[in-house]
Structures are given as C-alpha cells and as structure tokens.
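Notes follow once the structure below has been shown.
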Amino acid sequence: MPTAPVKFYQVGSFAAGNRLIDPSLRTVQSELTRSNSLTSGHRACQGCGEALGARYVLDAAMRASGGRLVVVNATGCLEVFSTPYPETSWQVAWLHSLFGNAPAAASGVAAALRSQGRTDIRVLAQGGDGGTVDIGLGALSGMFERNDDVLYVCYDNEAYMNTGVQRSGATPPAARTATTETVGPEPGNVFGQGKNLPRIAMAHGIPYVATATVSEVHDLENKVETAMGIHGARYLHVLVPCPLGWAAPTNQTVHLARLAKETGIFPVLEARDGEVTAVSAIRHQVPVEEYLKLQGRYRHLFRPEPRTEVIARIQAAADANIARYGLVSDDATEPPAGGAP
Amino acid sequence: MSTLQLVQGNEACALGALAAGCRFFAGYPISPSSEIAEALARALPRRGGVFIQMEDEMASLGAVLGAAMGGARAMTATSGPGFTLMQEHLGYASLAEIPCVVVDVMRGGPSTGLPTSPSQGDVMQARWGSHGDRATVVVAPASVQEVHDLTGTAFALAERLRTPVVVLFDEVIGHMREGVTLAAPPAGSAGRPVPGEPPGPSFRSAYRPNAEGVAMVPDFGRGYRFHVTGLMHDERGYPTSDPATVAALLERLERKTDAALDALPPERYRLEDATVVLIAYGITARMARAAVDVLRERGIPAGLLRPRLLWPVPVAALEEAIAPAELVVAAEMNRGQWSLEVERVAGRQVPLAPYLKAGGSIISVEELVEHVLAATREGVLA
C-alpha cells in the first residue's frame, strides 16, 4: 500500500494526532520528557500566543542543544508575565537584559563561551516585536552583520502589549492601538511600507531566516531544530496572536494564527544565506475579511458601515505576498484546515 | 474660562501641554508615562498637531528637537530608562539652545527597576545625566493640578530661555486622579526669542544672545540660512575651539537659566516661626505638609519649604528657610539626592536629619512625623 506523507494539523499539543504517529515524527511538545523551559504558573493572559510560542521554541531548542542553552530575554510581555516577584517560570539559564539590547547581550554571551571553547553551549535571544523591530533593531543588525552565533527569536504580537497596546513598527495597517486611534480620515494605524524584519534579516545574508506561527507546532519546532543545527546568526520570526491587544476571543489564538497564514497576510517561509528556500503553501485560501472580522482592533472596518476600500488594500497586500512567495500552488484544493472555527 | 474636572495626572500633563500650545509630540511607550502619549495621540490630530510614535526614546527626543527647530512647541514624555536614553539629546538641546519639554514620570531604578512603582530617583540624572557642564531647568509638580499648570510653565520657560525643561513627577502623581481646574494659561506668555534683523545673505548672528543671555535663533523656514551644531560655537553658530569663546558660552548658558528662579519660587508653608524645617518636593511634599500640621498639634514648631523648581537650586529661598532652623529634615524617595543640595546650602551649622526612602512605596505622614519626633528626642534638636 503506497504511503502518503503525514500532514500535520495542530489540534492541541497532546492530541492523538501526535501520539499515534511514528515517535520520530511527534512534536517535542508531545514528549513527556520535554524540558518545560517556560513552565506553568506564569501570569500571561488567557489565550496568550506569546506564551505558547515561547514554550514551543524553547522546548525544541533545549532538545536540540541537549539542554545546554542560555536564553537572553528582552524586556516585554514575555519577561514581565514570567517573572513576577518572587517567582520565575524559566527552567533555563535566563538573562533579562534591557529593552533594546538583547541581541548585543547575546552576542557577548556567545563570544565569551566561544573564547572558553564552549561552543557546545548555545545562545538563544528572544523578544517581542517592539524590542526587536523598533528599539532593538540597531543591535540586532549588528548581531547579524557580525554573524554572531545566536538564534534570535521574535515573538510578534504586532504592538507594545505590555505597556498597554501602543503601536509598534510591526503593527499592521488600519489596526487600532492606544496610539493609533480610530480617528481621522485613515483610522487606525497608517498604511506605511511596514517593517518586514524577516526580509531585513535576509538582506544581511545570514545563514538562516524563518517565519512561523503558533498554529503549526511541527513547522515551528522543525525550524527551531534546523536553526539550532547551524552556527552563526539566525533569525526566527513567530506570529503570536494577542487576545488582549487584538481584542479577540481567547479561544481563537491558534485559529487567528492559522488564518494569518491562510490569507497570505503572514507568509511562512525559510531562507538560507539571504535567499528564500521554502515556503509553506496556503492550504485553503481565505479572504482577509475572515481574519479581520474576528478582531476588535479592526472593528471600525466593519461598523458602522463596511470600509471596503480599506479591506481591499489589506487584501491587495496579502495578494502581493502570495505572488511574491508563490504561496498558492495550483493543486491547493484541500478542504479547510481543521480546528475550531 | 475654567472648568473643574476629574483628571488623571498623566492626562493633566497632556492637557497642560495642549493649553500651552504644544503641537508636536514624539514618544515611545513606557510605564508609567504612556497615558501622556495616548492622550496626545487622540488630541493632537484633532488640533492640527502631530503625534509620532518613534522607534525608541533617542529617536523620540531627536524628532522633538527637529520639530522645535521647525517652529513647533514640542514635547516628549518617558520614564527613567527612557530618560537615560535621552541624555545625549538633552545635552545637545542645551548647547544648541533648542526649546523643548521632556516629561519624566519617575519609577524605581536603576535599570528596568520597578516599572509601576513611584520613586524620586531621577533628580540627579535630570541635573547631571548628560556629560559636561550643563545648565538645567527642572520643575517638580506635587499634584494633578500642578502637573497641568507646571507643564504650561515648562513650555513658557523652555521657549523664553531656549532650553530643554524637564517636568519631573512620579508614578503616584501620574496615575492619581484629582479634581483640577483647567484654566487657560496666562496670556502674554513670551514666545521664543527670534532675530531682530531680517533674513539675508549677510545674516551671521543666529546665536547672538538677547539681554537675558538667550540666543536669538530663527526657526527653520523663515528665510534665514544658519548653522546649528552640537559643537562649541560662536555667535554666528560656527564651530569654535577658542577657549575664551567656549568659556563665555558655557557661562552664558548657565546664567540664563537663573531666570527660572523668579518664575517659579518655592511654596512656603507655616514657615513664619518654624524652627523645624521640612523640605520636600513632588508627591513627598504632600505628606510633609500633613506632617507639619501633625507636628504643630504636638507642639513642634514645624514648617515646610516646597521647591517647585529643583534645578537651578533656589539657594536664596533655601537659605532663608534654613537660617532660623534648629533642625532641617529633607525628605525624598531615593537614597539621598536633592537632600545633598540642602546639605550643601545648610553647611555644617544646622543639624540635618534627612528622611530617605527608596524601594517603591511613598513616604507616609506617620513615618515622617515619627522620624522628626525621634530626631528631636535624640537631641539632634538640642
């Protein structure tokens, strides 16, 4: 009987879809021996995509490094919710640096370990989108330029959530935040050129750049494992929906992440040495409305009357992504991805 | 026209800025100051103003300085870590004489510290945070009403003296809500000095001082061609390393800020016959004022001097209040910063018993009263 490759649809980290397949294909999350690097009991909001993403990434990185991992963490939600005094949720060697200097601090850690011949100990730096694309961009670019041996992970929830949902350079057009109110002729965030950090990272020609979302744990873990197998500067950009900042139901985090990919709004890809080498095809393309209407930050696009021209601009940006990366293949005739609608 | 409203301290700061003519704000989110940016993000576009959220605090103050040179009344707001990042720009603004207002809502430091707890730990950074001998103007409101009013004062001083003015308060005042009267600012607030002579090819005096010692720098876009630099410069604005010129420039920049002393004298409370003199500013002064009343009820002749201007130091007012004192108690929420200025002015002649508290909670009336009583019992007050 011919075998077809298994296609993974995440329906929960311990679900049967993981347990029934070959152990070598199971997720790190489904292993009872996973490191639980970001252990339970932290104070993230219900449905936090960043907590989910960080757990997936670090458990995978811990397995790939044999537990020899140092984590440098920028200031932000992830740092705040995981470390309320006198507690910590981190089961790894963990350095909270400042808001904008995590790439620099991680470069220092990696250099010191290398100078002592300890290249077996790996360094992972992580931060939110504000700490990465705004205040930390200079230090991150320096880390890329020197090709320092660090995997930098950006958990992108598209605004400064920790300080009360202010816009960042990663906030998408038209989204409402505390500093992009729905006032004026173009309510919400501006339609700018955006700040596409995966492409900025690729422009540095570093060995590995990838994007992922929390909706596809296999893909995310595989990319962490691939990155950990490479030395030099590596960049992983993970889309992590934020129920609070996106004004979305807390049970829709994974679904929203999937829709971001399936609409083409968030291209999921891999790049080596500055060139895109793989993309995750859209399985069942959906119009951007399906993604936008679930989020209160876009409510002004639908009420009191639909702003179809704004939605069309967002659709055009998604279509441009699809065309640029070839996200829709001709045989994309599968049924909609599983999971809660 | 005036209206009484219930307003949060940070919102009052935004309202005071708008009333003072602020039309440009560039900032970066940071607790506990973010509400200032959020309020101005809503209000400025409706008034023809500009709000920009920048990529960090360095860029924020950089944009403010550019906007100020472009002719706008401009402001940013931040807290300790961001204030630290702004220090290079503050030094530049001082030397290039660019008017702007920088609000620092203090939280516990150093570093990320205590992001949502009050502190008065940035007092010395506001004075000496940027390198070199720099004259500074720093105002310290003690209530929501005063946040509103002194933000206006800060703009008036910044424009008149062409210098950055820092508004320094803390998390408690920033997040406290009080009834405030939002009166229009006093009319006739002088704008920034501008050149007396018209633009033209012979214009070479962008940094010529007026009678108050303030350079009469034109705004961009008025037809003048001139040179602005963070290098030491002469009256033309051109870089110079001539020692006499540089020394005179530094002396002038320091002297011009003395005008702030007259504009914002300290508050004197029950000091007429006081021999126990409390000295406190900002939120701490609220408790110190109540402590004075409690001490008076217990027969201690206490009074309070409350500086509203921390830098330059109101030395004459301090000397006057301290002269009859038998005990001086400077209270502040740090490990000893402005109390060092009190000590400097008081010299060794007056017994000092500063009350210092760092750690993230405010000083209570009870502990301050107890401290003063203990100091008197222990014979500091002979």
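The values are calculated or read from the model by the stated rules, or taken from the named source; none is laboratory data. Model, not experiment: these values are computed from the prediction. Backbone-built Cβ (ideal geometry, glycine too); neighbour counts: all protein chains shown. Please note that ligands, DNA and RNA were not included when accessible areas were found on the heavy atoms of the full protein model with its side chains. Shrake-Rupley method; radii C 1.70, N 1.55, O 1.52, S 1.80 Å.
Taken as a whole, the condition of being hydrophobic (A, V, I, L, M, F, W, C), within 23 Å of B:Q120 (Cβ to Cβ) and open to solvent by 20 Å² or more (accessible area, probe 1.4 Å) applies to B:L85. Of the helices (runs of 4 or more DSSP H) lying entirely inside region B:1-69, not one contains at least 3 residues that are open to solvent by less than 20 Å² (accessible area, probe 1.4 Å), among the acidic types (D, E) and away from chain A (no Cβ under 12 Å).
Among the conditions (1) charged (D, E, K, R); (2) out of contact with any Ser or Thr (no Cβ under 9 Å at 6 or more places or on another chain); (3) farther than 26 Å from A:F302 by Cα, A:E186 misses just one, which is (3).
The condition of being touching a Lys or Arg at 6+ places or on another chain (Cβ under 6 Å), surrounded by 18 or more Cβ atoms within 10 Å (Cβ to Cβ) and of a type outside the set (G, A, S) holds for only one of A:L292, A:L301, that being A:L301.
Considering region A:82-91, and only residues there that are buried (at least 17 other Cβ atoms within 10 Å of the Cβ) and more than 11 Å from every other protein chain (Cβ to nearest Cβ), the residue that is nearest to A:G127 (Cα to Cα) turns out to be A:S82. Restricting attention to helices (runs of 4 or more DSSP H) lying wholly within region A:210-284, give those where 3 or more residues are open to solvent by 10 Å² or more (accessible area, probe 1.4 Å). Those helices (runs of 4 or more DSSP H) span A:217-228, A:253-262. If you check A:V123, A:V153, A:V109 for being of a type outside the set (D, E), part of a strand (DSSP E or B) and without any contact (Cβ under 8 Å) to a residue 60 or more places away in the chain, only one passes: A:V123. Quick check on region B:76-125: of everything there that is away from chain A (no Cβ under 14 Å) and part of a loop (DSSP other than H, G, I, E, B), which residue is nearest to B:K256 (Cα to Cα)? For region B:76-125, the residue satisfying everything is B:E97. Within region A:114-169, the residues that satisfy the criterion of being out of contact with any strand residue (DSSP E or B) (no Cβ under 9 Å at 6 or more places or on another chain), more than 14 Å from chain B (Cβ to nearest Cβ) and not charged (D, E, K, R) are A:S115, A:Q116, A:G117, A:T119, A:G142, A:N147. Please verify whether A:V190 is closer than 30 Å to A:Y291 by Cβ, assigned to a helix (DSSP H, G or I), among the hydrophobic types (A, V, I, L, M, F, W, C) and within 12 Å of chain B (Cβ to nearest Cβ), treating the condition exactly as stated. Criteria not met by A:V190.
Could we say that A:I230 is within 14 Å of chain B (Cβ to nearest Cβ) and over 30 Å from B:R46 (Cβ atoms) here? Here the answer is no, as A:I230 does not meet what is asked.
Filtered by the rule that a residue be assigned to a helix (DSSP H, G or I) and basic (K, R), region B:303-359 gives a lone residue, B:R344.
When region A:28-60 is filtered for residues that are open to solvent by 40 Å² or more (accessible area, probe 1.4 Å) and either touching a residue at least 60 places away in the same chain (Cβ under 8 Å) or in a helix (DSSP H, G or I) (or both), the ones remaining, listed by number, are A:C45, A:Q46, A:R55. If I filter region B:188-212 down to residues being buried (at least 17 other Cβ atoms within 10 Å of the Cβ) and touching a helix residue (DSSP H, G or I) at 6+ places or on another chain (Cβ under 8 Å), which single residue comes out as farthest from B:G70 (Cα to Cα)? Out of the qualifying residues, it is B:P209.
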